[in-house]
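Down below is the structure, laid out as structure tokens.
The values are calculated or read from the model by the stated rules, or taken from the named source; none is laboratory data. All values reported here derive from a predicted model rather than from experimental measurement. Glycine gets a Cβ as well: all are built from the backbone with ideal geometry, and neighbour counts include every protein chain shown.
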Amino acid sequence: MTEHVVPASELYTDEFAADPYPTFARLRDEAPVCPVGSPRFDSYLITRMDDARAALTDPRLSKDLYGPGQHYLRIFGPNSEGLNRNMLNSDPPEHTRLRRIVSQAFAPRRIEALRPRVAQIVDDLLDKIVPQGQAELMHDFAIPLPMRVISELLGIPVADHDPVLDWTQVIRTSGSSGRTPQEDRAAVQDAQLRLHHYFVDLVKAKRADPADDLISALISACDQDGKLSESELVTTSFLLLFAGHQTTADFIGNAVVALLTHPDQLDLLRARPELLPSAIEELLRFDGPLPVASPRIATEDVDYRGVHIPSGSIVGVVINAANHDPAHFTEPDRLDLCRERGPHVGFGYGVHYCLGVSLARMEAQLGIGALLRRLPGLRLGTPVAQLRRLPAASPFRGLLELPVRF
Ligand code: HEM
């Protein structure tokens, strides 16, 4: 196979942000393991499903960005140490230890017990929207829904929800704020620092006055068995806050757009609400919020499909390309809510498989189900081509704004 290099500039255009799927198809066909030419990211993109699964379970592709190679510096830049050392950026056995402590809280049975509260949050948000006849669904619904759920789960006091939301939004919208790149970097660092201090103080407060919440439970695990260090408590809380709302918010936004631009599928779902659980899986496969899995580092020279990936390279598994692989999905670019549930990798694969999968599914099912029920005339408030999106360089695929009418 001839080696084909994609210039990184091709992956950072507005056109790519609006519709990356033709580029993903070209990569899958012509260069399924593709070096990306960029001075900052000497990376390789993997776009076919079989290779994606192999890479996501390949122990030679490490997630330990903070170990001896200090790879996080190349990926996230300076000043990114504090908040990112967490289970997602570590390998077993560290990963196993960090994940095990939190995993009980996310077990399907524990999450199921949250259903009435999540439904209540959905209804409260919609009660405000319904009388208005129009809304900006990202800010009025898709972002606050998972943000409230994860904030309550962690035990963030209600009075702090707004500032915490504001800081996370500075980080989420990085690159699209109208600020210069330097101002933008400074704003993101400032927001990260504030969140870091916030969690340090919150952990202190919960230690003094524990409650029935996840941070208090983590503190107790840490104090009883020394299972988590003080700084791991903070970085774990930070990871859960971000992982717990960003992807779900972007997913709800993408799913609403997919439904509103496929009226036959929207009608089908309205007529047959029992399809909702499988529809959520298909919507995630069709246009997921995490186009590329978080970066892996080759700890030795590896070969994928005859392409040599030198030790130290960054490997990006393109989830949204694998989920459109025609070798695994018939007519992959068609949204088909009746599609037999295929093995998509929208929630990842291997040991880093999404810890919050049950919560994410529940929020999406309750949120999208209620939107369709309570906003019967739901339609886009702006042509789809004019929707403002997160920039192509964002690790997330989502919308800055989603104006709708109903
Ligand atoms: C990991 C997707 C919602 C917590 C992951 C990964 C994916 C993913 C693809 C693996 C990343 C990788 O291997 O690089 C999603 C999607 C969501 C969602 C599409 C919503 C639709 C949530 C929620 C939580 C959560 C609600 C709750 C806290 C996590 C955590 C990890 C993770 C902690 C790291 C697991 C580990 O490293 O072992 N998610 N996620 N996610 N997710 Fe989710």
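Matching residues to (1) under 22 Å from V118 (Cβ atoms); (2) crowded, with 19+ Cβ neighbours inside 10 Å:
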| site | (1), (2) |
| --- | --- |
| Q132 | no, no |
| E136 | yes, no |
| P144 | yes, yes |
| R148 | yes, yes |
| E152 | yes, no |
| S176 | no, no |
| L193 | no, no |
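Got at least one residue in region 261-268 being away from the ligand (no atom under 14 Å from the Cβ) and of a type in the set (A, V, I, L, M)? The answer is yes, given that some residue of region 261-268 is away from the ligand (no atom under 14 Å from the Cβ) and of a type in the set (A, V, I, L, M).
Out of all the residues in region 206-249, which are outside any helix (DSSP H, G or I), at negative phi and of a type in the set (G, A, S)? Correct list: A211, S229. What do you reckon, is L284 away from the ligand (no atom under 16 Å from the Cβ) and of a type in the set (A, V, I, L, M)? Considered against the rule, which asks whether it is away from the ligand (no atom under 16 Å from the Cβ) and of a type in the set (A, V, I, L, M), L284 comes out as no. What is the number of the single condition among (1) within 18 Å of I280 (Cα to Cα); (2) away from the ligand (no atom under 16 Å from the Cβ) that G377 does not meet? With (1) within 18 Å of I280 (Cα to Cα); (2) away from the ligand (no atom under 16 Å from the Cβ) applied to G377, the lone miss is (1). Criterion first (away from the ligand (no atom under 15 Å from the Cβ) and in contact with a helix residue (DSSP H, G or I) (Cβ under 9 Å, 6 or more places away or on another chain)) does D91 satisfy it? In short, no. A residue that is touching a Leu at 6+ places or on another chain (Cβ under 9 Å) and either at pLDDT below 90 or buried (at least 20 other Cβ atoms within 10 Å of the Cβ) (or both) occurs somewhere in region 157-166. Of all residues being in contact with a Phe, Trp or Tyr (Cβ under 9 Å, 6 or more places away or on another chain) and among the basic types (K, R) in region 328-360, which is farthest from the ligand (Cβ to nearest atom)? Just the residue, please. Restricting to residues being in contact with a Phe, Trp or Tyr (Cβ under 9 Å, 6 or more places away or on another chain) and among the basic types (K, R), the top hit is R334.
Within region 387-397, none of the residues are within 16 Å of the ligand (Cβ to nearest atom) and not in a loop (DSSP other than H, G, I, E, B).
Scan region 299-315 and give yes if some residue there is within 14 Å of the ligand (Cβ to nearest atom), touching a residue at least 12 places away in the same chain (Cβ under 8 Å) and either within 27 Å of S358 (Cα to Cα) or of a type in the set (K, R) (or both), otherwise no. Among the residues of region 299-315, not one is within 14 Å of the ligand (Cβ to nearest atom), touching a residue at least 12 places away in the same chain (Cβ under 8 Å) and either within 27 Å of S358 (Cα to Cα) or of a type in the set (K, R) (or both), which makes the answer no.
Restricting the search to helices (runs of 4 or more DSSP H) fully inside region 97-197 and requiring at least 1 residues that are polar (S, T, N, Q) and without any contact (Cβ under 8 Å) to a residue 40 or more places away in the chain gives 115-129, 161-172.
P277 falls short of the stated requirement of being within 30 Å of H344 (Cα to Cα), without any contact (Cβ under 8 Å) to a residue 12 or more places away in the chain and not β-branched (V, I, T). If you check M49, M87 for being within 20 Å of the chain's Cα centre (by Cα), at pLDDT 90 or above and within 30 Å of R194 (Cα to Cα), only one passes: M87.
Within the bounds of region 362-370, is there any residue that is away from the ligand (no atom under 13 Å from the Cβ) and free of Cβ contacts under 8 Å to residues at least 24 places away in the same chain? The answer is no, given that none of the residues of region 362-370 is away from the ligand (no atom under 13 Å from the Cβ) and free of Cβ contacts under 8 Å to residues at least 24 places away in the same chain.
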